[in-house]
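The structure under discussion appears below in the form of structure tokens.
The values are calculated or read from the model by the stated rules, or taken from the named source; none is laboratory data. This is a predicted model, so every value here is computed, not measured. Cβ sites come from the backbone with ideal geometry, for glycine too, and all protein chains shown count toward neighbours.
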Amino acid sequence: MSFIKLKTALPGPKGLAALERRKNALPNGLAKSTDIVVERAEGALVWDVDGNQLIDFAGGIGMINVGHGNAQVVNAIKEQLDKYIHTCSLVTTMEPYLDLAELLNSITPGDFPKKTLLANSGSEAVENAINVAKYYTKRNAVLCFEAAYHGRTLLTLSLTSKYTLFKKGFGSYVSDIYRVPAPNTYRGIEGMSEDEYVAWCIKKLEEAFISQVDPESLAAIIIEPVQGEGGFLQMPDAYLHKLREICDRYGIVFIVDEIQCGAGRTGKFFAVEHCGVIPDIVVSAKSIGAGMPISAITGKAEILDAPHLGGVGGTYGGSPVACVAAIEAIKIIKSDAFLNRVNEVGEIIRTTLESWKEKYPLIGDVRGIGAMRLVEFVKDRGSKEPDAEATLEIIKDAVAHGLLMIRAGLFSNCIRLLPPIVITDEQLTEGLQVLEDAIARAQEKRAVVIS
């Protein structure tokens, strides 16, 4: 049975009309990775306005782990809508806010009292986390990492890497932000083993405390345990443990950004759980809301309590409609059945991608953890020169054949695979075949040297 059913070329006539409206109504800077105009979505399937049925491998950039239109989530939203929509947490106390905060406090790593502040987006959550850390430590400096993505507000854009795509033309940026290279074992130093390379990265980190910033001036160190936009780079355990050690030594708040890699995507609820490091603050968003706009800052109570009365909050933060959606999504995601399915989906993807690497010289690397998987394309395996052109060509080809996809990577030469975890084996296999066919067609057009 085929789950991709194309009645028209993509986009079809209605889709083209909608895209023309988009061009005339929305700013040019609002990018899109596909020309698909959605009518409805369910599970891992998407239908466009022309009646075409597609498979979703983008998952709203990691936002739809529990699937499109999850019935448990939708029913909770409907029930809350019949009660009230919003009264503002700055005016009243809303029980869904309390319920979600208590749930997050209970599942976030760390055997200490915790508190949670809710917001609307990942950017807003990161910004709050940094501001709270600054208030708590009475310091101003923040350390972040190359290839990181933390958002598009002024502070979070200052933290974000990948200059040309996200930051060009928007400066000046927030001062007292310092950036060091993040370990990238695929692009490590020639002649070094992986352990030697990670040790070298730790040495360069310690040198930064001499050449760039006094660690006693740092309010926070913020890192993604698995970089999302940066190319699904999993931070080595030794590196994360070193960061924890440094934060303990100098009184720095250790913040992990779990916005894309969290909410079960890697096989544990939080990706940082794989290494056993306990952060001071965890930032979450995307899939905790199952598509609803909500984010959370969960951490040590003494840190979250630091700002003065009225120092945190926002009009829409903790919307009860979004809260009840998040409560149901989290209940689903933290279940053993769901996390087991994450690993099943991830293993199917992993074995398939590994087989592709043997067949297509265009593929320089395949990597990931759990169901957070990625393919990196290069012009030459020896030089590892990125091939962003081939990547875009493959995505356009796959989308034209009914598969929703999006790029990633510092050099925009990677394809990320973030299908909803509720995807069936048959849907997953079909989607992977569509992607492989697109890779094969791109490979035929190129002569790539295997090194």
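Applying the criterion of being closer than 24 Å to THR156 by Cα and of a type in the set (Ser, Thr, Tyr) to the residues of segment 185-222, the residue that is surrounded by the most Cβ atoms within 10 Å (Cβ to Cβ) is SER217. Considering only residues that are small (Gly, Ala, Ser) and part of a loop (DSSP other than H, G, I, E, B), look in segment 273-288 and name the one that is surrounded by the fewest Cβ atoms within 10 Å (Cβ to Cβ). Checking each candidate, the answer is GLY276.
When the test is whether a residue is outside the structural domain of GLU124 (by TED's automatic domain parsing) and either over 30 Å from CYS88 (Cβ atoms) or not in a strand (DSSP E or B) (or both), GLY346 passes it. It is to be established whether one or more residues within segment 289-304 are surrounded by 23 or more Cβ atoms within 10 Å (Cβ to Cβ), touching a residue at least 12 places away in the same chain (Cβ under 8 Å), touching a His at 6+ places or on another chain (Cβ under 7 Å) and under 21 Å from VAL342 (Cα atoms). No, that holds for no residue.
Take ALA219 and decide whether it is under 16 Å from ALA141 (Cα atoms) and touching a residue at least 40 places away in the same chain (Cβ under 8 Å). In short, yes. Cβ separations smaller than 7 Å between residues 6+ apart or across chains give the following pairs from segment 124-149 residues that are assigned by TED's automatic domain parsing to the domain that holds ILE297 to residues that are among the charged types (D, E, K, R) and assigned to a strand (DSSP E or B): VAL126/ASP257; CYS144/ARG179; PHE145/ARG179; GLU146/ARG179.
Of the candidates GLY231, GLY251, the single residue that is assigned by TED's automatic domain parsing to the domain that holds GLU196 and buried (at least 24 other Cβ atoms within 10 Å of the Cβ) is GLY231.
Residues checked against (1) touching a His at 6+ places or on another chain (Cβ under 9 Å); (2) outside any helix (DSSP H, G or I); (3) farther than 25 Å from GLY69 by Cα:
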{"residue": "LEU243", "(1), (2), (3)": "no, no, yes"}
{"residue": "ARG249", "(1), (2), (3)": "no, no, yes"}
{"residue": "VAL256", "(1), (2), (3)": "no, yes, yes"}
{"residue": "GLN260", "(1), (2), (3)": "no, yes, no"}
{"residue": "PHE269", "(1), (2), (3)": "no, yes, no"}
{"residue": "ALA306", "(1), (2), (3)": "no, yes, yes"}
{"residue": "LEU309", "(1), (2), (3)": "no, yes, yes"}
{"residue": "VAL312", "(1), (2), (3)": "no, yes, yes"}
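When the test is whether a residue is in contact (Cβ under 8 Å) with a residue 12 or more places away in the chain and either among the β-branched types (Val, Ile, Thr) or surrounded by fewer than 19 Cβ atoms within 10 Å (Cβ to Cβ) (or both), LYS115 passes it.
Exactly one residue out of LYS268, LYS242 is surrounded by fewer than 24 Cβ atoms within 10 Å (Cβ to Cβ) and closer than 26 Å to GLU216 by Cβ, and it is LYS242.
Which of the residues that make up segment 97-112 are surrounded by 14 or more Cβ atoms within 10 Å (Cβ to Cβ), in contact with a Lys or Arg (Cβ under 9 Å, 6 or more places away or on another chain) and not hydroxyl-bearing (Ser, Thr, Tyr)? Selection gives ALA101, LEU103, LEU104, ASN105, ILE107, GLY110.
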